[in-house]
Amino acid sequence: MDKIRLAIVGCGVMGNRHLSGLAELARAGLSDFEFVAACDLIVENAQKLAKRAEEELGGKPAAVGKIEELASLGIQAIDLTTVPWSHHTLAIEALQRGWHVMVEKPMGLTVRACKLMLEAAENSQSILSVAENFHYDPINRIGRELLRTDAIGTPRLMIHNSVGGGNRIIVTPWRHYKRGGGPLLDVGVHNAYITEYLMGEVDSVYAQARLHEITRHNPEGEKIKADAEDAVYATFLFHSGAVGQYIEDHAGHGQGVWQRVIYGSKGSLHLPSDRSGKPITLTKDGEGSISDERILDLIPEFHLDRITAALYGGERIWHYEFPFPETDRKLLAVEYGDFAGAILEGRPTEVDLIKATRSVALPYTMLESSKLGRRVTVNEVMKEETSFYQDEINRSIGLTAGV
């Protein structure tokens, strides 16, 4: 069977991380892709990624500066790892060319951008996939299965708290600019996705957002002026009737906090940080806590898919221990495996596009609530009935009302 001819579009930090995932999949003998091209507006970046790909994957991929230059290379699929404000334009162009697309999170910079991508996918015969790597973490999958099988009874309360970061730049300066969505979107999209993955849909939000650290810096001495909020404190009401307490503070000083706990009518689940591989702790009144392989006895039907099992060492693991770079590339490898399977089998990928859109909508729902000083529903934001916060961002990327 012929391999799927793939190009990575966007050869910066994320493009290099994705190449590591593709190489991990290839080393395991599980790749259905042939990497044929690297594409970046900064051609030097494309050339560097192509050289690295040649060393790790073999062959000699092309290096080009524009997406249209890929047409002559027989491309069948692209992995889109550019800055978020270009996701919708490049993904739509690729889908219209008949190419399959895997796009790095957030799916689009705004809800409107995501909806345009959804429309393009519906009008295409091609696959659109969102690379939400937290979805593929085996520990999150175990957590969801425990909730699905009533291990702690009916969920009543979810607490997600993350505090830290001080006044440091988060990887790249644009993550602190409103025109880039800010950290509450770029990081929060992960948390939003996993919140609904575990607990079901959030109906409404009341939130307060803040910009605490206007001046940020990195270890090299670079300083920037941030204009996007860096902290949000929210209460969720889930469709199920459960309540959520949500804190995402990227300006926290002193002792950091990371906590994700779900309380149910029979017990609680303490989930570890994403990509840590640490075990889940399940606690029931009068029965103590379980945080070892016995937790799998509660979910006898649970099995990881073929590719995840091969990369992580079994269909029924309860924890894993890899250095972070290895964990990161394994999750990206699983994303690629799901993307290839969807192309070859003619099925959707595991990350549902509506859920990926909602993971963009939920951070904006919190920001809208803070701006308006009232409870805001996610449906309001999904339907663009409330878009006060997003209006400026939409204008900045050329998406005016009705477009």
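Within the stretch 98-114, does at least one residue satisfy the condition of being open to solvent by less than 20 Å² (accessible area, probe 1.4 Å), of a type in the set (A, V, I, L, M) and more than 21 Å from the chain's Cα centre (by Cα)? No, the stretch 98-114 has no match at all.
For residue 42, the criteria (1) more than 22 Å from residue 180 (Cα to Cα); (2) among the β-branched types (Val, Ile, Thr); (3) open to solvent by 20 Å² or more (accessible area, probe 1.4 Å) hold in every case but one, which is (1).
Contact map, the stretch 147-159: residues that are small (Gly, Ala, Ser) paired with residues that are part of a strand (DSSP E or B) and open to solvent by less than 40 Å² (accessible area, probe 1.4 Å), Cβ distance under 7 Å, separation 6+ or inter-chain. Pairs shown: 151/282; 153/264; 153/267.
Pairing each residue of the stretch 185-214 that is farther than 25 Å from residue 85 by Cα and crowded, with 20+ Cβ neighbours inside 10 Å with any residue that is among the acidic types (Asp, Glu) and modelled with pLDDT of 95 or more, provided the two are 6+ apart or on different chains, yields C-beta distances under 8 Å for 202/196.
For the stretch 336-352, the criterion of being modelled with pLDDT of 95 or more, surrounded by 15 or more Cβ atoms within 10 Å (Cβ to Cβ), within 15 Å of residue 144 (Cα to Cα) and within 15 Å of the chain's Cα centre (by Cα) is met by at least one residue. For the stretch 166-184, how many residues are of a type outside the set (A, V, I, L, M), crowded, with 20+ Cβ neighbours inside 10 Å and assigned to a helix (DSSP H, G or I)? Residues in the stretch 166-184 being of a type outside the set (A, V, I, L, M), crowded, with 20+ Cβ neighbours inside 10 Å and assigned to a helix (DSSP H, G or I): 4 in total.
Taken as a whole, the stretch 234-254 holds no residue that is within 27 Å of residue 157 (Cβ to Cβ), in a loop (DSSP other than H, G, I, E, B) and among the β-branched types (Val, Ile, Thr). Taken together, 63, 94, 46, 71 contain a single residue that is closer than 23 Å to residue 329 by Cα, aliphatic (A, V, I, L, M), out of contact with any Leu (no Cβ under 6 Å at 6 or more places or on another chain) and part of a helix (DSSP H, G or I), which is 46. Residue pairs whose Cβ atoms lie under 8 Å apart, separated by 6 or more positions or on different chains, with the first residue in the stretch 220-244 and basic (Lys, Arg) and the second open to solvent by 80 Å² or more (accessible area, probe 1.4 Å) and at pLDDT 95 or above, are 225/214.
Within the stretch 29-48, being more than 23 Å from the chain's Cα centre (by Cα) and over 15 Å from residue 3 (Cβ atoms) holds for 41, 42, 43, 44, 45, 46, 47, 48. Among the residues of the stretch 272-293, are any out of contact with any Ser or Thr (no Cβ under 9 Å at 6 or more places or on another chain) and part of a helix (DSSP H, G or I)? Yes: one or more hits.
The values are calculated or read from the model by the stated rules, or taken from the named source; none is laboratory data. Because the structure is a prediction, the values reported are computed rather than measured. Neighbour counts are summed over all protein chains in view; Cβ atoms, including those assigned to glycine, are modelled from backbone coordinates with ideal geometry. Note: areas computed on protein heavy atoms with side chains; ligands, DNA, RNA excluded. Shrake-Rupley method; radii C 1.70, N 1.55, O 1.52, S 1.80 Å.
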